[in-house]
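Here's the structure, in structure tokens; my notes come after.
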Amino acid sequence: MSYVPLADQAQELHHPQSWVTRYVWSQDHKVIAIQYGGTAILVGIVALVLSLLMRMQLGFPESFDLIDPSSYYQAVTMHGMIMVIYLLTALFLGGFGNYLIPLMCGARDMVFPFLNMLSYWVYLLSVLILMASFFVPGGPTGGGWTLYPPQVSMAGTPGSDWGIVLMLLSLAVFIVAFTMGGLNYVTTILQARCRGLTMMRLPLTVWGIFIATILGLFAFPALLVAAIMMLLDTLLGTSFFMPAIIESGSPLDYNGGSPILFQHLFWFFGHPEVYIVALPAFGLVSDVLSTHARKNIFGYRMMVWAIIAIGGLSFVVWAHHMYVSGMNPYFGFFFATTTLIIAVPTALKVYNWVLTLWEGDIRMNVPMYFAIGFIFTFIHGGLTGLFLGNVVIDMPLSDTYFVVAHFHMVMGVSPVLVLFAALYHWYPLVSGRMYHEGLAKAHFWFTFLGTYAIYLPMHYLGFLGVPRRYYALGSTDFIPASAQDLNAAITIAALIVGAAQLLFFINIFWSLKHGKKAGSNPWGSASLEWQTPDTPPIHGNWGDELPTVYRWPYDYSVPGAHADFIPQNTPESEEPTADEQHFDPDHDPSMADL
Amino acid sequence: MSLFKHITEKPWERPGVIGGPDPETAFDAAPERVALVIFLVVASVIFSLLTVSYYVRMELPDWTPLSEPAQLWLNTGLLFVSSVLFQWARNLVTDDQQKYLMAAFVGAGVFAVLFIVGQLAAWNSLQSAGHFVASNPATSFFYLLTGLHALHLLGGLWVWSKSLIRLLSGCEVQDLRLSIELCTLYWHFLLIVWLVMFAILSNT
Ligand code: HEM
Ligand SMILES: [Cu+2]
């Protein structure tokens, strides 16, 4: 059998027949993307509400009966796990990956549409298992999102019987779902690009998602292995991780297991995981910045190399999360060094973003607000990471609010700002409508200023030595009473930011019906996803013929060109004039609103 | 694909169609094969991490080495035959010979099933000798590793049985060529994983 390139094979598109096959059991990547995204955002709201409950307790202790120490631990744990895995990972890869990969690659769909559908339903199953843990006896696990043994399975920890089992099960199911999706994303990017679209002509979004997926495929196995072994420890009484231990005076049946082994496995997954979230964000933000600055991304090749370098390095820094767990000082030295090295390609990306803005023809559209906001928060979070990467500085700061501030700036707020940038940027493509500009800008300012109001003071609390994951401060000598006032202020800011997210939801639902019609390419974007014959793209994406790509996706403000962008599928001979492109900056629909 | 050549390309300098008239693919292979190879790498990561954990856990004082049942030698033989039969089936489809194809393909699956039965028998004999999952970390690892390996094999058998149904219902043999090739690859991989695991288990 001679091999026929994928895009040349007769397309056996599965054509949806009924409403159910079209919107429920759909194999269309765009529908699956929305299912993934919607589910992720729904659980994300659960996690958000949990964090507000925790903040109420911290800001105004003893005023809420609803929260006791146990439910506080459960809230911390579920908040962290949901945010990192079930919201961010699922939304970036399952949501944006699914929507954008086939469109940006000029393909009709993922290469394995059925597997893609299965991936979503298995993901939903993992979410349901996780949510079920709220309703079982003892409630969800309260061991912290790091799930360290032996504490997570001790009777004193909430959810040590049912909660932890459901958590581990749900993670294992999630990993199965991720692997099905991940194989699809990687294979589609490698094998199904349209004619002329070489790897180096891919938008950075695709590069970020591509490398992040590879990281996920290699890192999630560590979590899977750890979860299986811990399940066996919990259910069958093995001692992979559980050491000999005495609980309320009587020895348990465990003997000799290694909790440190768990930590190594967990962080071998856990550090790459932060880049599984960060790399797609890097990619998306690069494309948003370049489009709205009407300028090609600065240093495209270096951006790609940096993504690859970060991906590789992220597998050799994991033990910087374990400086205080007790390890050979030479190991600490090694991991501190690699941690500082990974900051080099990361910083390079930041410089390139800033240089992309330099002398650009910047359009201050809403996605641009969020993208620039991201540059601020990411620099802040990245700089504190450099401090924590050094063993001697980390020792006193570890497990304090300084760490909480660091990782929220860098992997909480920053990716979330990119998510909003991307949601606003691609909303016209997905829905065919523009969002409401004023609401969106209000949403930005509340979110951006609010996160600073929340997280900047946390750095200071960390310096004071306020420990992380504590239900109440109690009376300590080293923490001044004024720390409590700060906590109250943070809580008020958090409540405001939480409420401000309603603006976003009101906006996207209101605009579905009442937003202005977006037209086919409202931002004047050069990349392929905006060049489909229909907006929003319909099943099969490209009509009768797949596109052919003649150039990279960043041909903005090309000297001598008639318009300020040239779409990727425009041949050299037909570079269009301004009116052919239906793009007139003076009638930019997004500008008209205010 | 030379990765280095690809990522040093300067995309802004060469407008026009580059890379010839065909759609862009990184590898000259069916997407199923590419996906399977990536999956094999993922599975290797799983088994490697388990191996590392095995050696780490072994250093701790409560470890009592387990003497594996002799049954495993027989099982190794069964899996080996299964792999050889797959290779044979693969060679037959490549040469477009249908005569023994059914025998080779069915036989390959049957021997894999026998391997799993054999593994269960090994579990049984360990249990009757008093080695349960939680008795000692060495036995825990034994059950875990063999169990995960068998699960992977069961996944392969599921694909095998789907192809078998198509073969029995008289589909064009060439339509099954890719499935047979990929099964063969997967089986060789699982044979290698088993040999490595068996070596580690019996040497420690
Ligand atoms: C310049 C880059 C970075 C450096 C040098 C760095 C360094 C560190 C260090 C040393 C810690 C451990 C602190 C401790 O537990 O005492 C830490 C924690 C953490 N970092 Fe980073 N980091 C960087 C970037 C990132 C990024 C990009 C993300 C996510 C997108 C991230 C997410 C986290 C998270 C979630 C934790 C907390 C883990 C826990 O629960 O213990 N970091 N970081
Ligand atoms: Cu890390």
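Numbers below:
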{"item": "Verdict on A:LEU190 being within 18 Å of A:SER133 (Cβ to Cβ) and either without any contact (Cβ under 8 Å) to a residue 40 or more places away in the chain or assigned to a loop (DSSP other than H, G, I, E, B) (or both)", "result": "no"}
{"item": "Tally, over segment A:246-261, of residues that are within 13 Å of chain B (Cβ to nearest Cβ) and either in contact (Cβ under 8 Å) with a residue 24 or more places away in the chain or open to solvent by 30 Å² or more (accessible area, probe 1.4 Å) (or both)", "result": "7"}
{"item": "Matching entry among A:GLY249, A:GLY257 (being closer than 18 Å to A:SER325 by Cβ, away from ligand 2 (no atom under 14 Å from the Cβ) and modelled with pLDDT under 95)", "result": "A:GLY257"}
{"item": "Which listed residue, of A:LEU103, A:LEU147, is under 21 Å from A:SER71 (Cβ atoms), hydrophobic (A, V, I, L, M, F, W, C) and open to solvent by less than 10 Å² (accessible area, probe 1.4 Å)", "result": "A:LEU147"}
{"item": "Qualifying residue in segment A:533-551 (condition: touching a Leu at 6+ places or on another chain (Cβ under 8 Å), surrounded by 21 or more Cβ atoms within 10 Å (Cβ to Cβ) and charged (D, E, K, R))", "result": "no"}
{"item": "In segment A:195-214, the residues that are in contact with a Leu (Cβ under 9 Å, 6 or more places away or on another chain) and surrounded by fewer than 24 Cβ atoms within 10 Å (Cβ to Cβ)", "result": "A:ARG195, A:MET199"}
{"item": "In segment A:485-495, residue nearest to A:VAL49 (Cα to Cα) [restricted to those that are surrounded by 16 or more Cβ atoms within 10 Å (Cβ to Cβ) and without any contact (Cβ under 8 Å) to a residue 60 or more places away in the chain]", "result": "A:ALA493"}
{"item": "Residue count for segment A:222-245, restricted to those that are over 24 Å from A:GLY156 (Cβ atoms) and free of Cβ contacts under 8 Å to residues at least 40 places away in the same chain", "result": "0"}
{"item": "Helices (runs of 4 or more DSSP H) lying entirely in segment A:341-425 (those with 2 or more residues that are within 11 Å of ligand 1 (Cβ to nearest atom) and open to solvent by 60 Å² or more (accessible area, probe 1.4 Å))", "result": "A:366-388, A:391-397"}
{"item": "Among the residues listed as A:LEU215, A:LEU232, the single one being among the aliphatic types (A, V, I, L, M), within 8 Å of another protein chain (Cβ to nearest Cβ) and either within 16 Å of ligand 1 (Cβ to nearest atom) or farther than 24 Å from A:TRP305 by Cα (or both)", "result": "A:LEU232"}
{"item": "Test set (1) closer than 19 Å to B:THR51 by Cα; (2) open to solvent by 20 Å² or more (accessible area, probe 1.4 Å) - B:SER161 fails condition number", "result": "(1)"}
{"item": "Pick from segment A:310-322, criterion away from ligand 1 (no atom under 12 Å from the Cβ) and open to solvent by 40 Å² or more (accessible area, probe 1.4 Å), ranking: farthest from A:HIS406 (Cα to Cα)", "result": "A:GLY312"}
{"item": "Among (1) aliphatic (A, V, I, L, M); (2) buried (at least 20 other Cβ atoms within 10 Å of the Cβ); (3) not in a helix (DSSP H, G or I) - the single one B:ALA134 does not satisfy", "result": "(2)"}
{"item": "Segment A:426-441, subset assigned to a helix (DSSP H, G or I) and either among the small types (Gly, Ala, Ser) or within 14 Å of chain B (Cβ to nearest Cβ) (or both), residue nearest to ligand 1 (Cβ to nearest atom)", "result": "A:ALA440"}
{"item": "Spans of helices (runs of 4 or more DSSP H) in segment A:1-103 with at least 2 residues aromatic (Phe, Trp, Tyr), at pLDDT 95 or above and under 20 Å from A:ALA281 (Cβ atoms)", "result": "none"}
{"item": "Count - residues of segment B:54-64 that are in contact (Cβ under 8 Å) with a residue 24 or more places away in the chain and either facing chain A (nearest Cβ under 7 Å) or small (Gly, Ala, Ser) (or both)", "result": "3"}
{"item": "Residues (part of a helix (DSSP H, G or I) and crowded, with 20+ Cβ neighbours inside 10 Å) located in segment A:106-121", "result": "A:PRO113, A:ASN116, A:MET117, A:SER119, A:TYR120"}
{"item": "Neighbours by Cβ (under 6 Å, 6+ apart or cross-chain): first from segment A:328-351, more than 16 Å from ligand 2 (Cβ to nearest atom); second open to solvent by less than 40 Å² (accessible area, probe 1.4 Å) and of a type outside the set (Phe, Trp, Tyr)", "result": "A:LEU348/A:ALA306; A:LYS349/A:ALA306"}
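Every residue, every condition in (1) exposed (fewer than 15 other Cβ atoms within 10 Å of the Cβ); (2) within 29 Å of the chain's Cα centre (by Cα), yes or no:
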| residue | (1), (2) |
| --- | --- |
| A:TYR460 | yes, yes |
| A:GLY465 | no, no |
| A:TYR471 | no, yes |
| A:PHE478 | yes, no |
| A:SER482 | yes, no |
| A:VAL497 | no, yes |
| A:PHE505 | yes, yes |
| A:ALA518 | no, yes |
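Yes/no per residue for (1) more than 9 Å from ligand 1 (Cβ to nearest atom); (2) open to solvent by 10 Å² or more (accessible area, probe 1.4 Å); (3) at positive phi; (4) assigned to a helix (DSSP H, G or I):
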| residue | (1), (2), (3), (4) |
| --- | --- |
| A:GLN263 | yes, yes, no, yes |
| A:PHE269 | yes, no, no, yes |
| A:PRO280 | yes, no, no, yes |
| A:LEU284 | yes, no, no, yes |
| A:ASN296 | yes, yes, no, no |
| A:VAL324 | no, yes, no, yes |
| A:GLY332 | yes, no, no, yes |
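The values are calculated or read from the model by the stated rules, or taken from the named source; none is laboratory data. Just so we're clear, the structure is a prediction, and the values are computed from it rather than from any experiment. Backbone-built Cβ (ideal geometry, glycine too); neighbour counts: all protein chains shown. Heads up: the accessible areas ignore ligands, DNA and RNA and are worked out on the full protein's heavy atoms, side chains in. Shrake-Rupley method; radii C 1.70, N 1.55, O 1.52, S 1.80 Å.
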